[in-house]
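Heads up: the structure comes next, in structure tokens.
Here, each number is a calculation from the coordinates, and none is a lab measurement. What you see is a predicted model, and the numbers here were worked out from it, not measured in a lab. Backbone-built Cβ (ideal geometry, glycine too); neighbour counts: all protein chains shown.
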Amino acid sequence: MITDSATIGTATATGVKTYNGAVGIDPQRKPQKSILAYCQEKGYATALLATSSILDATTASFYANIK
């Protein structure tokens, strides 16, 4: 099997494995908080920088929860 960028991004951003095509959700389709969201809740100033499109699945894994 080959992992897609949405799956890798989700694992990196949330620490939770998921299935191909999923962004920010777990295998049971429950939204997962990213490290970015945890930092925002703690009052840290946050930003998301990307050298690719901000809509790319890897980048989106830090702010989106999509089936």
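Largest GNM mean-square fluctuation among Lys42, Lys17, Lys30, using the chain with Cα springs under 10 Å: Lys42. In the chain, the alpha-carbon atoms span a convex hull of 75 Å³ per residue. Cross-link partners for Lys17 among the lysines, with Cα-Cα distance under 17 Å and sequence neighbours closer than 8 places in the same chain left out: Lys30, Lys33, Lys67. For the chain, the longest principal axis of the Cα atoms and the long axis of helix 5-14 meet at an angle of about 40 degrees.
Stretching the chain fully between Ile54 and Thr3 yields a gain of 16.4 nm (0.36 nm per residue, less the alpha carbon separation). Helices in the chain, meaning DSSP H runs of at least 4 residues, each add -39500 (n - 2.57). Divided by all residues, the mean residue ellipticity at 222 nm is -8000 deg cm²/dmol. Placing a label point 7 Å from the Cα of Thr46 along the Cα-to-Cβ direction, the residues of region 1-23 whose backbone N falls under 15 Å of that point are 10-16.
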